[in-house]
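The values are calculated or read from the model by the stated rules, or taken from the named source; none is laboratory data. Here the structure is a predicted model, which is why all the values come from computation and not from measurement. Cβ sites come from the backbone with ideal geometry, for glycine too, and all protein chains shown count toward neighbours. Just so you know, the surface numbers come from the protein's heavy atoms only, side chains and all, with ligands and any DNA or RNA stripped out. Shrake-Rupley method; radii C 1.70, N 1.55, O 1.52, S 1.80 Å.
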Amino acid sequence: LWVPDGAGGWRAEVGGDEVPFAHRKVPHRNHVLPLQLPAGSQATVYLRLQSQGTVSAPARLWRPQALWQNDQAVYATLSLYFGLLLGLLL
């Protein structure tokens, strides 16, 4: 991800499968890259993708609190699903 640095240059944020989890800037199960933009501003950012296979890159801009709330809803749904599955197996 190439983001304007505010001084007329660009700053690169690197992510992907080959970046170890411990070295990710945002410890998340998905590839999350930090992006800080002033409120009400417009900016051009560039996303470069490279893959040995199929490329699928659904991109979304999240506020940190909204990302956390979405994660909690997804985890609750998965917990319910697997809990019911386990109950049926027992």
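Some values worked out for this structure:
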{"item": "Set 16, 6, 40: member being at positive phi, touching a residue at least 12 places away in the same chain (Cβ under 8 Å) and assigned to a loop (DSSP other than H, G, I, E, B)", "result": "16"}
{"item": "Qualifying position, being touching an Asp or Glu at 6+ places or on another chain (Cβ under 7 Å) and not aromatic (Phe, Trp, Tyr), among 37, 84, 67, 33", "result": "33"}
{"item": "Residues satisfying the stated conditions in segment 30-42, i.e. at pLDDT 85 or above, open to solvent by less than 100 Å² (accessible area, probe 1.4 Å) and more than 18 Å from the chain's Cα centre (by Cα)", "result": "40"}
{"item": "Residue ID - surrounded by the most Cβ atoms within 10 Å (Cβ to Cβ), chosen from residues in segment 59-76 that are aliphatic (A, V, I, L, M) and assigned to a helix (DSSP H, G or I)", "result": "67"}
{"item": "Some residue of segment 13-22 being open to solvent by 100 Å² or more (accessible area, probe 1.4 Å) and of a type in the set (Asp, Glu)", "result": "yes"}
{"item": "Residue in segment 48-61 that is in contact with a strand residue (DSSP E or B) (Cβ under 9 Å, 6 or more places away or on another chain) and free of Cβ contacts under 8 Å to residues at least 60 places away in the same chain present", "result": "yes"}
